[in-house]
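Just below is one structure, and these are the notes that go with it.
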Amino acid sequence: MRRFESINVIPFIDIMLVLLAIVLTTATFVVSSKLNIDVPKSSTNEVVNDDKVIEIDIDKDSIMYFDDVEIPSEQLEDKLSGIDKMTPINLRVDHSVEFGQFVTVIDTFKELELAKFSIITKQK
């Protein structure tokens, strides 16, 4: 009787499918904002992965959002004054927004000594 010397690859395929399922379920994905904000482009990007990140968005009509809730820009300081100084903040500003409004938000961060903020941009 002739013996076939071959490798059965079906168990290996099963293992690879299980590993693929584990990777896909545990991988973190970058979540984009629900708001339609066209951020400027940058050649360097760094993603902050933290559980409690405050999102501040300013859309093309200069409307400010604090965690996806519209607020008047005058209330930003009141909203930020109650948070921990080390809470990460993501700032996303539409590229057509007046630069003065951007500077005002950054000044508010500095007045409240909030040093852990990121400016969200698109990668070139």
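Given labels modelled 7 Å from the Cα in the Cβ direction, how far is it in nm from Met86 to Ile15?
Roughly 4.2 nm, to one decimal.
Residues with beta-carbon under 11 Å from that of Leu91, excluding Leu91: net charge, scoring Lys, Arg +1 and Asp, Glu -1?
Net charge in that neighbourhood comes out at -1.
Ranking request for peptides 79-89, 55-65, 10-20: highest mean number of other beta-carbon atoms within 10 Å first, then the rest in descending order. Spell out each step's value before the answer.
Details: 79-89: 12.8, 55-65: 17.5, 10-20: 9.8.
By packing density, highest mean first, the sequence is 55-65, 79-89, 10-20.
No lab work stands behind these numbers, since they all come straight from the coordinates. What you see is a predicted model, and the numbers here were worked out from it, not measured in a lab. For neighbour counting, all protein chains shown are included, and Cβ atoms are generated from backbone atoms with ideal geometry for every residue, glycine included.
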